[in-house]
Amino acid sequence: FTEQIQPPARPAPYALTLRGEYVGWRISNGPLAVPLVTTTPNPNFSSFGQLGNAGTSILVNSGNNVDYGLSNGFRLTAGVAIGYLPPIEFSFFHVNKTTTVFSGGDLNNPTQLLAIPFQDVQSAFLIPGTGVGTETASVISIPVGNAFGALGGTIGITSRMSFWGFEANAFMPINDADTLRLSVIAGYRHLQLNETLNIFTQSGGNAGGVLFNGLAQPAGIFSTTTLDSFGTSNAFDGGQLGLRSVLNLGQWAIFSDAKLGLGSTAQTLNVNG
């Protein structure tokens, strides 16, 4: 007679899904804002890489683009459904890339002048009535065999991009047919894009001495290094709505997500040198 007793109702089973994906991301090229590296064929005390001089050539200029090419990354997703609540999905992705913008110079046998142009905005060097400083340059490398002397030096400029984000979404089914399933997506999203431009210089080496405390030091004894870093951060936080469709074709399923995120973006600039 126990066979006639209906078994007690049991809750729907728990479901956990895990997914890992490769991400190939391409970001449009970023133009540089100002000239960063200059040279002069015949350096002297009046022509040493400063902008506006007839003998100055720009090696890294505002027309150059920072091209990251294809950036590799990953995305991890975990979903959970516990029966009496809407399914919830958590996702995290990250892509990053470092590229070389410029690399030149030689510490032991320099063959060209390398300089970093800038404006001297000290009051004594301001152009009267304009508030603009005098164009000058920081000389990093001087070729052997000229009246200016010789100075070994190198300049390296790199740019690094890091793009990551995470989101949490709940799904509310609106169509659950065998062939096509549709669900409304509602959730939260955080995106962060960090980018850093680093300018590294080194002067010294075995080509020419270095002046220190008013005295010329022997070649190869002293060197000067600098690092200037310009970093930007863009962080987005907001809610999102969307639609997920799943088309089942036998052993194959095609997923498609459409999402719209609305929120605010915080922008930060850090300059160190």
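The values are calculated or read from the model by the stated rules, or taken from the named source; none is laboratory data. Everything numeric here is computed off the predicted structure, so don't read it as measured data. Cβ sites come from the backbone with ideal geometry, for glycine too, and all protein chains shown count toward neighbours. Side chains are part of the model used for accessible areas, which takes the heavy atoms of the whole protein and leaves out ligands, DNA and RNA. Shrake-Rupley method; radii C 1.70, N 1.55, O 1.52, S 1.80 Å.
Structure above, values below:
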{"read-out": "Residue among Gln192, Gln251, Gln122 with the largest mean-square fluctuation in a Gaussian network model of the chain, springs linking Cα atoms under 10 Å", "value": "Gln251"}
{"read-out": "Relative contact order %, the chain, counting alpha carbon pairs below 8 Å whose residues are six or more apart", "value": "15"}
{"read-out": "Charged-residue dipole, Cβ positions (Lys, Arg, Asp, Glu), segment 61-168 about Cα centre, Debye nearest 20", "value": "180"}
{"read-out": "For Rg/Rh (Cα atoms, Kirkwood Rh), calculated from these coordinates, the label among [x] 0.99; [y] 1.25; [z] 0.97", "value": "[y]"}
{"read-out": "Residue order for Thr201, Thr179, Thr136 - accessible surface, 1.4 angstrom probe, largest first", "value": "Thr179, Thr136, Thr201"}
{"read-out": "Where chymotrypsin sites (Phe, Trp or Tyr not before Pro) in DSSP loops with at most 10 other Cβ within 10 Å are excluded, longest remaining stretch of the chain", "value": "85-273"}
{"read-out": "Solvent-accessible ranking of Leu260, Leu243, largest area first, probe 1.4 Å", "value": "Leu260, Leu243"}
{"read-out": "Cα centroid separation, segment 55-116 to segment 219-273 (Å)", "value": "11"}
{"read-out": "Value of relative contact order over segment 118-172, rounded to a whole percent, pairs C-alpha under 8 Å and six or more apart", "value": "21"}
{"read-out": "Square roots of five times the Cα gyration tensor eigenvalues for segment 88-151, Å", "value": "39, 27, 6"}
{"read-out": "J(HN,Hα) series, segment 244-255, from Karplus relation 6.51 cos²θ - 1.76 cosθ + 1.60, nearest Hz, glycine and proline x", "value": "10, 10, 10, 9, 8, 10, x, 7, 10, 9, 10, 9"}
{"read-out": "Segment 129-210 - Kirkwood radius from inverse mean 1/r over Cα pairs (Å)", "value": "19.3"}
